[in-house]
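The values are calculated or read from the model by the stated rules, or taken from the named source; none is laboratory data. Since the structure is predicted, the reported quantities are computational estimates derived from the model, not experimental observations. Backbone-built Cβ (ideal geometry, glycine too); neighbour counts: all protein chains shown.
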Amino acid sequence: MSNTTKSTDDPVVAVVGATGQQGGAAAAALLDAGASVRALVRDPSGPAAQALAGRGAELVPADLTDPGSLRAALQGVDRLFAMTTFAGERGVAGEVEQGRALADAAAAVGVQHVVYSSVGGAERATGVPHFESKRRIEEHLESLGLPVTFLRPVFFMENLTGQGPTVEDGELVVRLPLPADVPVQMVAVRDIGAAAAAALLDPSEVPGGAIELAGDELTGDQVAAVFGAHAGLPARYEALPLAVLGGDEDMTRMFTWFTQRPAYQGDFAGTRALVPGVLDLGRWLAATGWAPAA
């Protein structure tokens, strides 16, 4: 079944998870570009959804566990930003199920192009459960014959500030379960959203239909130095044992994979072409106004 849409000169772009991190960044970048945005949200009355409506987005309720609601929400949509998460009760199995349902709905109503935010390394058989789940979704999108662009972002800069760093005796301390000399590629969520908007508005911006997004590459020692310089404090990095992950198989496999170089293989030049203002860690800290907890 095909849909009736507006001219592709002014495509209707649906955004999954528009009140979350990646979806919110994609929606903001699209609105900044003057695009017609349909924000797929669980609760249209929530403050984040209302803020999007205030900027001109159309709010449409959608539930990734309800295929019927997805088909209804995507009626009349030209292009779709899709993302999935393994954070639900059913973990990676639930993520795959929801991703396939979203792809099926997009195909059923005739969405013309999908941009799916996957993960760096998804296509390289990493063995990391939440990387493999995204690859299963990529494969399903490909099997449907949908025109699709895969964005594969590396480690989020936001992960570095979720539970730290901390200030101890006047020294800023960064801790991760990773050896100090292992470099990790990273990218800001803001830049994932900007890349998504660029690819949605002009799919030819991503030659070959896939790109591994990266904005910086730093070892643990270098990460600590950047945080310290930003905070104006002496800083050090402390490598933690994998045991601090509490036996979490997914996270243990991911941090182990980081040590098996090359792990992430970000396309720095391609990312800069897609997002000319892509942030390194220092500029991201400045842009977000991050400060250590008192």
Problem - Near pairs, Cβ below 8 angstrom, 6+ apart or cross-chain, from the range 198-215 (at positive phi) to any residue that is surrounded by 14 or more Cβ atoms within 10 Å (Cβ to Cβ) and of a type outside the set (Ser, Thr, Tyr) - result: Gly209/Val148; Gly209/Phe150; Gly209/Pro203
Handout entry: Candidates Arg100, Arg42 - the one that is farther than 23 Å from Leu274 by Cα, out of contact with any Phe, Trp or Tyr (no Cβ under 7 Å at 6 or more places or on another chain), basic (Lys, Arg) and at pLDDT 95 or above
Key = Arg100
Handout entry: Enumeration of residues in the range 188-217 that are of a type outside the set (A, V, I, L, M), within 16 Å of Phe156 (Cα to Cα) and assigned to a helix (DSSP H, G or I)
Key = Arg190, Asp191, Gly193
Practice task
Considering only the range 98-122, state which residues are in a helix (DSSP H, G or I) and either under 16 Å from the mean Cα position of the chain (by Cα) or of a type in the set (Lys, Arg) (or both).
Solution key: Gly99, Arg100, Ala122
Practice task
Could you tell me whether the range 252-263 includes any residue that is free of Cβ contacts under 8 Å to residues at least 60 places away in the same chain, buried (at least 18 other Cβ atoms within 10 Å of the Cβ), out of contact with any Asp or Glu (no Cβ under 9 Å at 6 or more places or on another chain) and within 30 Å of Ala194 (Cα to Cα)?
Solution key: no
Practice task
Could you tell me which residue of the range 124-166 is farthest from Tyr264 (Cα to Cα), considering only residues that are modelled with pLDDT of 95 or more, aliphatic (A, V, I, L, M) and part of a loop (DSSP other than H, G, I, E, B)?
Solution key: Leu144
Exercise for the section: Scan (1) of a type in the set (Val, Ile, Thr); (2) modelled with pLDDT under 95; (3) over 27 Å from Pro207 (Cα atoms) for the single condition Thr85 breaks and write down its number. Expected result: (3)
Problem - Filter result for Gly17 (touching a strand residue (DSSP E or B) at 6+ places or on another chain (Cβ under 6 Å) and on the phi > 0 side of the Ramachandran plot) - result: yes
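Restricting to the range 49-68, give me the number of residues that are part of a helix (DSSP H, G or I) and modelled with pLDDT of 95 or more.
As a first pass, look at the range 49-68 and keep what is part of a helix (DSSP H, G or I): 49-54, 67-68.
If we keep only those that are modelled with pLDDT of 95 or more as well, we get 49-54.
Number of matching residues: 6.
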Problem - Residue, farthest from Ala197 (Cα to Cα), within the range 79-92, restricted to residues that are assigned to a loop (DSSP other than H, G, I, E, B) and touching a helix residue (DSSP H, G or I) at 6+ places or on another chain (Cβ under 9 Å) - result: Arg90
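Mind listing whichever residues of the range 89-106 are of a type in the set (A, V, I, L, M, F, W, C) and surrounded by fewer than 19 Cβ atoms within 10 Å (Cβ to Cβ)?
Answer for the range 89-106, where residues must be of a type in the set (A, V, I, L, M, F, W, C) and surrounded by fewer than 19 Cβ atoms within 10 Å (Cβ to Cβ): just Ala93.
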Exercise for the section: Test Thr8 against the criterion of being part of a loop (DSSP other than H, G, I, E, B), at pLDDT below 95, loosely packed, with under 15 Cβ neighbours inside 10 Å and out of contact with any Phe, Trp or Tyr (no Cβ under 7 Å at 6 or more places or on another chain), and give yes or no. Expected result: yes
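When you look at Val16, is it surrounded by 15 or more Cβ atoms within 10 Å (Cβ to Cβ), modelled with pLDDT of 95 or more and not basic (Lys, Arg), yes or no?
Against the criterion (surrounded by 15 or more Cβ atoms within 10 Å (Cβ to Cβ), modelled with pLDDT of 95 or more and not basic (Lys, Arg)), Val16 qualifies.
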Problem - Condition broken by Glu95, with the remaining ones in (1) over 30 Å from Pro262 (Cα atoms); (2) of a type outside the set (S, T, N, Q); (3) not in a strand (DSSP E or B) satisfied - result: (1)
Practice task
For the range 122-152, name all the residues that are free of Cβ contacts under 8 Å to residues at least 24 places away in the same chain, surrounded by fewer than 19 Cβ atoms within 10 Å (Cβ to Cβ) and of a type in the set (Asp, Glu).
Solution key: Glu139, Glu142
